[in-house]
Amino acid sequence: MKTERIEIVVIEDEEDILELIEYHLNKAGYDAIGFLSTENVEQFLEEENPALMIVDRNLPNIEGSKFVLQMRELGYNTPVIFLTAKDKDSDIEEGFERGADDYITKPFKPKELILRVEALLRRSGTMMSEKIKHRDLTLNIQKRQLFVGEQALELTNLEFKLLYTFIKNPNQALDRDYLRDEVWGDDSSKFNEKTINVTINRLKKKIDPLGEKEYFVPVWGVGYKLV
């Protein structure tokens, strides 16, 4: 699984807005590469392969949608979000006709921008940090991080795989054979009947040290389920 951060190009001629967009993208885990004009962007695209471009339309030298149209004609198919003050229906139609994949008008909400970025990356087959949640547990699959509420916890590779398997199958009784195959896989030679119990107990102590939340429930004669 790839672990490098995804590059997103931002072309915005107002420096304060550019810095705001870069800040929120970086905070969300992306690598934002900012440009105050389209100058040098084509050269950058020749050398790099960003996952997405966020482009203002009111740019110096060339209007943003015309630049995107030129890039499309040259064969660049990088997904594009226009982020612009041009908000007339005709402007939006023109933006999509010239190669936009999404269109956001200013003033904009940073949270909405990030959600639209994530949605577009999913549609284009590139997703940065797949997160799955159960109750107050959040797993970032790519970064292999666990958060219990706002608290980050370190897990071993085995503990992470075990918790991931349960979160993918919430409220389902998972038997020992299934867990052995999913979690231990090729290392199942190291596996015995007590292995799951020991690993689950260790995991429970990490994510619920006071034993108040009862994430795992034993299912008699089967195994465990995450509730």
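ASP87 meets the stated requirement of being surrounded by 11 or more Cβ atoms within 10 Å (Cβ to Cβ) and either more than 19 Å from GLU7 (Cβ to Cβ) or among the β-branched types (Val, Ile, Thr) (or both).
When we screen LEU115, LEU121 for residues that are under 16 Å from the mean Cα position of the chain (by Cα), modelled with pLDDT under 95 and either among the small types (Gly, Ala, Ser) or buried (at least 18 other Cβ atoms within 10 Å of the Cβ) (or both), the only hit is LEU121. Look at the stretch 10-30: where a residue is more than 15 Å from ILE81 (Cα to Cα) and a partner is part of a helix (DSSP H, G or I) and open to solvent by less than 10 Å² (accessible area, probe 1.4 Å), sitting 6+ places away or on another chain with Cβ atoms under 7 Å, you get HIS24/LEU113. Of the helices (runs of 4 or more DSSP H) lying entirely inside the stretch 1-102, those carrying at least 3 residues that are at pLDDT below 90 are 41-47.
On inspection, TYR23 fails the criterion of being surrounded by 16 or more Cβ atoms within 10 Å (Cβ to Cβ) and under 14 Å from LEU113 (Cα atoms).
Are any of the residues in the stretch 133-156 of a type in the set (Ser, Thr, Tyr), at pLDDT below 90 and in a strand (DSSP E or B)? Checked against the condition, which is being of a type in the set (Ser, Thr, Tyr), at pLDDT below 90 and in a strand (DSSP E or B), the stretch 133-156 yields at least one hit. Looking only at the stretch 179-200, decide whether some residue is at pLDDT 85 or above and under 25 Å from GLU150 (Cβ atoms). Looking for residues that are at pLDDT 85 or above and under 25 Å from GLU150 (Cβ atoms), one finds at least one in the stretch 179-200, hence yes. Of all the residues in the stretch 167-183, those that are hydrophobic (A, V, I, L, M, F, W, C), touching a strand residue (DSSP E or B) at 6+ places or on another chain (Cβ under 6 Å) and over 14 Å from ILE141 (Cβ atoms) number 2. Pairing residues of the stretch 164-175 that are of a type in the set (D, E, K, R) and at pLDDT 85 or above with residues that are outside any helix (DSSP H, G or I) and surrounded by fewer than 16 Cβ atoms within 10 Å (Cβ to Cβ), at Cβ distances under 7 Å and at least 6 apart in sequence or on separate chains, gives ASP175/VAL222. Could you grab me the full set of residues in the stretch 51-84 that are surrounded by fewer than 20 Cβ atoms within 10 Å (Cβ to Cβ), under 22 Å from ARG122 (Cβ atoms) and touching a Lys or Arg at 6+ places or on another chain (Cβ under 8 Å)? Within the stretch 51-84, ARG72 is the sole residue that qualifies. The criterion of being among the acidic types (Asp, Glu), open to solvent by less than 30 Å² (accessible area, probe 1.4 Å) and within 22 Å of GLU118 (Cα to Cα) does not hold for GLU48.
The values are calculated or read from the model by the stated rules, or taken from the named source; none is laboratory data. Everything numeric here is computed off the predicted structure, so don't read it as measured data. All Cβ positions, glycine included, derive from the backbone under ideal geometry; neighbour counts span all protein chains shown. Heavy atoms of the whole protein, side chains included, go into the accessibility calculation; ligands, DNA and RNA do not. Shrake-Rupley method; radii C 1.70, N 1.55, O 1.52, S 1.80 Å.
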